[in-house]
1. Which translational diffusion coefficient, to the nearest whole µm²/s, is obtained for the chain from the Stokes-Einstein equation, given a Kirkwood hydrodynamic radius over C-alpha pairs, 4 °C and 1.567 mPa s?
2. Please work out how much length the chain gains when fully extended from residue 19 to residue 3, using 0.36 nm per residue of separation minus the C-alpha to C-alpha distance, in nm with one decimal.
3. Report the relative contact order of the chain, percent, no decimals, based on alpha-carbon pairs under 8 angstrom and at least 6 residues apart.
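Please treat every number below as a calculation from the coordinates, not as lab data. These numbers were taken from a predicted model, which means no experiment stands behind them.
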Ligand SMILES: [Zn+2]
């Protein structure tokens with residue numbers, strides 16, 4: 001379930017700039033011709049560096065919200 005955010009300053013629920021640092025292990029599978037196919041990407045570590053509201057231009061009022069219930073339609 002994806003993390004959801006809310007900007008308490010403007011009420012934005014749908015537009016955020018999220019900067020994330022991910023450390024992953026990948027199985028790199030090369031064909032004899034040297035063509036790479038990445039298989040099995042395993043997430044080892046994930047750090048959220050910043051979440052910024054697209055409307056306010058800062059993340060001062062952004063908070064995490066509980067995941068939406070299944071079937072909930074996004075208010076685009
Ligand atoms: Zn905002």
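1. Answer from the Stokes-Einstein relation: 86 µm²/s.
2. Values: separation 16, 0.36 × 16 = 5.76 nm, distance 1.33 nm.
Residue separation times 0.36 nm, minus the Cα-Cα distance, leaves 4.4 nm.
3. 41 percent.
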